[in-house]
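The values are calculated or read from the model by the stated rules, or taken from the named source; none is laboratory data. Everything numeric in this text was worked out from a predicted model, so none of it was measured. Heads up, the Cβs are rebuilt from the backbone with ideal geometry, glycines too, and the neighbour counts pull from every protein chain shown. Each accessible area value is taken on the protein alone, full model and side chains, heavy atoms only, with ligands, DNA and RNA left out. Shrake-Rupley method; radii C 1.70, N 1.55, O 1.52, S 1.80 Å.
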Amino acid sequence: MNARVKQKLAVISSPPVQALRLRPLRDEDEAAFTAGHRAMAAEGFIFGLGYAPGKPWRTYLTELEDHRHGRNLPARYVPGTFLVAEVAGEIVGRTSIRFRLNDFLTEQGGHIGYGVLRQHRRRGYATEILRHSLIIARAAGIDRVLVTCDLGNVGSRAVIESCGGLLDSLVTVDGKHSVLRFWID
């Protein structure tokens, strides 16, 4: 049995994922979002892109809306959308979908970056987040999607490959860590 057939059988036989949906942040998400941001920061992962503790919530929501429309972008930012992943009314993760690439994103960031909060891992949510993100990227006109992960992130690599990612290259960033680059057609 080849590797692709085994992957498909694993998906078919895995327990069903509760209905996950991606959506923009809302006013009422502040407490849950900031708790998730703190938890992921402790793991060295940026949950809320562009968010800093103490930033007024309304300001952050306005910035995210501006980024979606390509307005008032900070240096090195590109137009994109930031969405949280929700299951049964609870934030379980997030995704950032960039509508174009700059040099930094081409090397190590890609079109899509996603994360799942620790207490919600190993339930298939990362795969669902990436699948939904790919649909949004395609709707935005991105036919070939670049997704990256750190060399040691075995779980993320498996998610990317299960969504059709084909390894393109391995790059070393600043001589510190290695990043795998995958394309999904």
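Listing for the model above:
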| item | result |
| --- | --- |
| Ranked order, Ile46, Ile136 - accessible area, probe 1.4 Å, largest first | Ile46, Ile136 |
| Solvent-accessible area of Glu107 with every protein chain in place, 1.4 Å probe, in Å² to the nearest 10 | 80 |
| Solvent-accessible surface ranking, highest first, for Trp183, Trp57 at 1.4 angstrom | Trp183, Trp57 |
| Tensor-based shape of segment 66-121 (alpha-carbon gyration tensor, a/c under 1.5 rounded, otherwise prolate or oblate) | oblate |
| Portion, in percent, of the accessible area of the chain that falls on carbon or sulfur, probe 1.4 Å | 54 |
| Cβ-defined net charge surrounding Val154, 13 Å radius [Lys, Arg +1; Asp, Glu -1] | +1 |
| Candidate residues Phe99, Phe82: accessible-area rank, largest first, probe 1.4 Å | Phe99, Phe82 |
| Expected 222 nm ellipticity per residue - DSSP helices of 4 or more, -39500 (n - 2.57), all of the chain, to 500 | -10500 deg cm²/dmol |
| Hull shadow area, averaged, segment 105-185 [alpha-carbon convex hull, nm²] | 5.3 |
| Cα coordinate range in the chain, projected on the principal axes (Å, largest first) | 54, 38, 33 |
